[in-house]
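Shown next, in structure tokens, is the structure this report addresses.
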Amino acid sequence: MIRNEKGFSYPLTFCVILLAFVVLSIHLELYISEKRIINETVTMLKQEYYFLSAMKWTEEQLLVEENEGGSGIYSFLDGEVNYHSVKVTDSLLRVTFVLTMKDSPEITGVGYYDKELKKMIKWNEKN
């Protein structure tokens, strides 16, 4: 019985191929998950950058013009930010930013600009 090896190579080859298939499947799933996470991270970083740039540009514009209320659009490569400012008190403006990107839903951010300090003092984001 020990010397009879007929039919031994087929099950062994099948097990090795099956094991290789399972290992490759696991690596493929990890690769796809990493790509998805990287794409989401890039999108989030773009959104943060667009909001920060729009806030800084609006802050500079309010510093120079001393506007009570106004609105406008900042265009970027993958989206645009609409802003609208409303007077809350004599020294406080509420600026609403709406970010629209190609493959993501609209995101709204609200910043409060203090005329006495001449800068944004508070920031909130809504999804």
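Nothing in this text is a laboratory measurement; each read-out follows from the coordinates by a stated rule. Everything quoted here is computed from the prediction, not taken from an experiment. Cβ: placed from backbone, ideal geometry, glycine included. Neighbour counts: every protein chain shown.
Taking the Cα centroid of the range 91-110 and of the range 31-61, what is the distance between the two, rounded to the nearest whole Å?
Using only Cα atoms, the two centres lie 13 Å from each other.
Suppose a student asked you for the relative contact order of the chain, using Cα pairs under 8 Å spaced at least 6 residues apart; what percent would you report?
14 percent
Per-residue HN-Hα couplings for the range 37-47, Karplus 6.51 cos²θ - 1.76 cosθ + 1.60 at θ = phi - 60°, whole Hz, x for Gly and Pro?
5, 5, 5, 5, 5, 4, 5, 5, 5, 5, 4
Set the Förster distance to 35 Å, then compute FRET efficiency between GLU29 and TRP57 from the Cβ-Cβ distance, nearest 0.05.
Calculated value: 0.25.
The range 92-121: which trypsin sites (Lys or Arg not before Pro) are DSSP loop and have at most 11 other beta-carbon atoms within 10 angstrom?
LYS102, LYS118
Classify the range 5-66 as rounded, prolate or oblate from the Cα gyration tensor: take a ≥ b ≥ c as the square roots of its eigenvalues, call it rounded if a/c is under 1.5, otherwise prolate when a/b beats b/c and oblate if not.
prolate
To the nearest whole percent, what portion of all C-alpha pairs in the range 13-127 is separated by more than 23 angstrom?
Tail of the P(r) past 23 Å holds 46 percent of the pairs.
Tell me the mean residue ellipticity at 222 nm calculated for the chain from its helices only (DSSP H runs of n ≥ 4, each -39500 (n - 2.57), averaged over every residue, nearest 500).
Calculated from helices alone, the mean residue ellipticity at 222 nm is -17000 deg cm²/dmol.
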